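*Asks:* Sharing a structure here in structure tokens format.
Coordinate-derived values only; no laboratory data. What you see is a predicted model; the values in this text were computed from it and never measured. Cβ coordinates were reconstructed from backbone atoms using ideal geometry, including for glycine residues, and neighbour counts include every protein chain displayed.
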């Protein structure tokens, strides 16, 4: 066997290298910089690295590279997704810096290892010690996601999955307030996530056994040459799907979502909901469209069912939620279903619509969770729905921004969510999935009910006398909410350029 | 050429932004600005309307700008006779309603400028929907206009406003989502690669019968919820009762006309085969609406609910005329959309005057009002007579045309619908009798008569109702011009006068 040195196109992976490199440097900053300056250095470092990475990605627009012996495929879809992930990460990092809302400091516990309620925790809080590992952790997760969307073989994909997941497990358990809930969520996410990873790995093994290849191009060549698919391949495909459907919170792999979304620090929840969903969805697209394109008839059936159940379960269960974060979690599940509708279309228009949807959903989600951090009482964020009554009368701007995000989630025209839903549904009907779209519309109607309920509560109800206050955020948080709101309107009114970008990007390279 | 129609649509929207930016501490400035903008819009409407030529193409003063190229969406506007009638109604009704809202906004204790800004926004979206010649543009505005109306009811309405607002929104949103599926389905009927939402292109398509049937249902449910047709009407009584009187006047007088407008301007030309196939079913539902609305109105004890159910009955008449598919019926229905808008607005406004004085919506709390307030009694009588289609008023011309047009194709339906007129006489006269005649009660004795502001507001409605009743021809010519072309698109001709109906299809 001849050994051929792999071609390494460093320019193509430079954004990933930048982000992961910044993460490593941030670890060093944590170890060696004076405590008082760690946070500041890490924030600047993270934002600069992300900005340069974004610039690099934009500069490579229109290129498509297969490198590292097929392990990395940086094509239009990957670039679009990487750009979205970088933007989501940067917005989340800005939210991390918020220290004005909570009298005790930023949103994270001073020491994850200190027992909740312990003397150590109290002392560290009093000394205003800041948790600065969150920045490298987030950068590692972000870098993992950027590899995930560009992975060209199953092993790279698995490694990327782990790289992005492990930091998230940690981040989930670092909340400053309601620490037990936060630790529980991190534990739950870790256990179930490890389980899902195992499924993915087993699926990879079976697919390798059936096709003799780990690269997507090799699997594709092996699969499309056959007449009927054998059980081993189908089971492998199913197990791979489990691993990825878990990450996008599709039913029946959604059980972790409400607990983790509720327990994790809200700024991390926003990051997970936006960036993780984008990464996992694009990976799912690439795996099924590129590697398993020959089994399209099989996986459309599988995803059809998962999409229908996900939309309905997500919307129906959201109806009965009384906690705003849990409600947004179920909303996120329902949106995973809507995204799958676009995927079932199984054509380029489907990919483009999903990419656009991921971008607008992610931005609105980060904005919505940022608003959640603003509404507070003595115990931290007031996430019970009853606390939100009359918010529109006390802080009209905050409530208006949140209402805008909810209307976008509900898909009301002149918001970005409408254009996203429209393009997904159009792609699906064109792909012959009219019945699924009808289910999606029913789910949309149900979903509209709980979004509207929050608007009713905020604007039409009288405020409770001892209700929570809306804190005055730092410029960073205010800017994130403003950017998310403006983009939500802008992409609803003039979506043309971004839609075109998504359409041009929607080509996979094998 | 100057973009008159775009100006017409964007002027109120710009006004809404300006009003929203005014300082909250100066509510009067917001009111005056909003009314000024709506009057300016009326002027633009008149200027644009005068350029409309009867006998010209179906859509005139057309404008087209590509909006979202990848979606095939364009900002396409055009003025047909049908849209001219409804645009005129909107432009006339808005300043009146804004004037009537003067005291309502103060009474709510909530932001006055938001109230006025929302109404202007709503007006802009409605004008856009009436003028749009792009199906997706129509859908976007049709759906987006729910939001300002929802906030208007939910923030400024009565005790059960939350319930009413949510019910209003969910009903209409559900219909809208079905329509969205149909809009996409319609779009995909076009040849791949050159698909658009342009109405003219979509009308030219040849769609097979089964697909047409599905798309027809998708559009019709949305429109039948909006212009409430039995059994999808239940949101209107709640919304109209809980909304302030002027909001209710605007809602059932003007906003809901988008539904019936959609039936004439979109459903008929887009789905000619399905229209003919399902016309008997729709006619049946319309007759049920006429009778059901009328009978339930008789049983109501709440003034606003009476008017709301009367509206359902009248919407039944409008739908009946549209789906009779005769030139008289369709033209009569379109004429009725205008006259019903004026008549219902007048009824709700007078009811608002009464409620503002007595502080109650219940019939039982009134009595003998004509002694202390004879002019108010006169107003209610005129508005009521327009509701029961008194000859000499515009509503009479409309109902007569609709029934005439229906009779030539569906005799039984027309005969049953005629009963609706008798029911109308009952509920209107009962309402008048219980509130205005009889002995005064201690509570009604000191009630003041109509003030100058109120008289000024309602006078234009009465003048128009009488003017259009005496001389309907100018407006009817404009409408007839368009409805004839629309019916030609459907491919129906009027049945011969002697024989009943053409044989089965």
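*Asks:* Using alpha carbons only, how many angstrom separate the centre of the stretch B:1-48 from the centre of the stretch B:454-496?
*Replies:* When both Cα centres are located, 27 Å separates them.
*Asks:* What FRET efficiency comes out for the pair residue A:118/residue A:226, r = Cβ-Cβ distance, R0 = 56 Å, nearest 0.05?
*Replies:* Efficiency for this residue pair is about 0.40.
*Asks:* Can you show me the helix-derived [θ] at 222 nm for chain A, built from DSSP H runs with n ≥ 4 at -39,500 (n - 2.57) apiece and divided by the number of residues, rounded to the nearest 500.
*Replies:* Calculated from helices alone, the mean residue ellipticity at 222 nm is -23000 deg cm²/dmol.
*Asks:* Roughly how compact is chain B, stated as its Cα Rg over 2.2 N^0.38 Å to two decimals?
*Replies:* That ratio works out to 0.93.
*Asks:* Once each part is reduced to its C-alpha centroid, what is the distance from the stretch B:309-340 to the stretch B:401-426 in angstrom?
*Replies:* With the stretch B:309-340 and the stretch B:401-426 each reduced to a Cα centre, they are spaced 11 Å.
*Asks:* With all distinct Cα pairs included, what does the Kirkwood hydrodynamic radius of the stretch A:3-142 come out to in Å, to one decimal, could you say?
*Replies:* Every distinct Cα pair counted, the radius reaches 16.8 Å.
*Asks:* Now for a different question. Take the protein assembly as shown, drop everything but the C-alpha atoms, weight them equally and run the Debye formula without solvent; then report log10 I(q)/I(0) at 0.05, 0.07 Å⁻¹ to two decimals.
*Replies:* Log10 I(q)/I(0), no solvent term: -0.34, -0.65.
*Asks:* Here's a follow-up. Per q in 0.12, 0.13, 0.19 1/Å, what log10 I(q)/I(0) does a Debye calculation on the alpha-carbon atoms of the stretch A:180-327 return?
*Replies:* -0.55, -0.63, -1.12
*Asks:* Sticking with this structure for a sec: Take B:282, A:316 and order them by how many other Cβ atoms sit within 10 Å, fewest up front.
*Replies:* A:316, B:282
*Asks:* Would you mind computing the Rg to Rh ratio of the stretch A:10-505 from its alpha-carbon coordinates, Kirkwood style for Rh?
*Replies:* 0.96
*Asks:* Can you tell me the 0 to 90 degree angle between the C-alpha axis of helix A:475-493 and the longest principal axis of chain A, rounded to 10?
*Replies:* Around 50 degrees separate the two axes.
*Asks:* For the stretch B:167-211 and the stretch B:70-94, what is the separation of their C-alpha centers, rounded to whole Å?
*Replies:* The stretch B:167-211 and the stretch B:70-94 have Cα centres spaced 19 Å from each other.
*Asks:* Over all directions, what mean area does the Cα convex hull of the stretch A:112-161 project, stated in square nanometres?
*Replies:* It is 4.4 nm².
*Asks:* Still on this model: Which value at 222 nm does chain B reach when only helices count, each DSSP H run of 4 or more adding -39,500 (n - 2.57), with the total divided by all residues and rounded to the nearest 500 deg cm²/dmol?
*Replies:* Dividing the helical sum by the residues of chain B leaves -23500 deg cm²/dmol.
*Asks:* Here's a follow-up. For A:384, B:233, A:335, which order do you get if you count the other beta carbons within 10 Å of each Cβ and list the fewest first?
*Replies:* Final ranking by Cβ density, sparse to dense: A:384, B:233, A:335.
*Asks:* What is the angle, in °, between the Cα long axis of helix A:134-148 and the longest principal axis of the Cα atoms in chain A? Nearest 10 is fine, range 0 to 90.
*Replies:* Value to nearest ten degrees: 20.
*Asks:* With r as the distance between the Cβ atoms of residue A:384 and residue B:192 and R0 = 56 Å, compute the FRET efficiency 1/(1 + (r/R0)^6) and round to 0.05.
*Replies:* 0.65
*Asks:* Given the stretch B:271-494, what whole percent of its Cα pairs are spread farther than 25 Å?
*Replies:* That fraction is 41 percent.
*Asks:* Calculate, in nm to one decimal, what residue B:209 and residue B:443 gain on full extension: separation in residues at 0.36 nm each, minus their alpha carbon distance.
*Replies:* Here the segment from residue B:209 to residue B:443 would lengthen by 78.0 nm.
*Asks:* Specify whether the C-alpha gyration tensor of the stretch B:1-73 places it in the rounded, prolate or oblate class, a ≥ b ≥ c being the square roots of the eigenvalues: rounded for a/c under 1.5, otherwise prolate if a/b is larger than b/c and oblate if not.
*Replies:* oblate
*Asks:* Taking the Cα-to-Cβ direction at residue B:26 and at residue A:469 and moving 7 Å from each Cα, how far apart do the two end points lie in nm?
*Replies:* If labels sit at residue B:26 and residue A:469, their model points lie 3.2 nm apart.
*Asks:* Still on this structure: Working from Cα positions, state the angle (0 to 90°, nearest 10) between the long axis of helix B:327-358 and the longest principal axis of chain B.
*Replies:* 20
*Asks:* Rounded, prolate or oblate for the stretch B:204-326? Axes are the square roots of the Cα gyration tensor eigenvalues, ordered a ≥ b ≥ c, and the cut-off for rounded is a/c under 1.5.
*Replies:* Prolate is the answer for the stretch B:204-326, as a/c is 1.5 or above and a/b outweighs b/c.
*Asks:* State whether the stretch A:381-510 is rounded, prolate or oblate according to the following rule on the C-alpha gyration tensor (a ≥ b ≥ c being the square roots of its eigenvalues): a/c under 1.5 gives rounded; otherwise a/b larger than b/c gives prolate, and the remaining case gives oblate.
*Replies:* Here the stretch A:381-510 falls in the oblate category.
*Asks:* Let me ask something else about it. Which of B:180, B:291 comes first, and how do the rest follow, when ranked by fewest Cβ neighbours within 10 Å?
*Replies:* B:291, B:180
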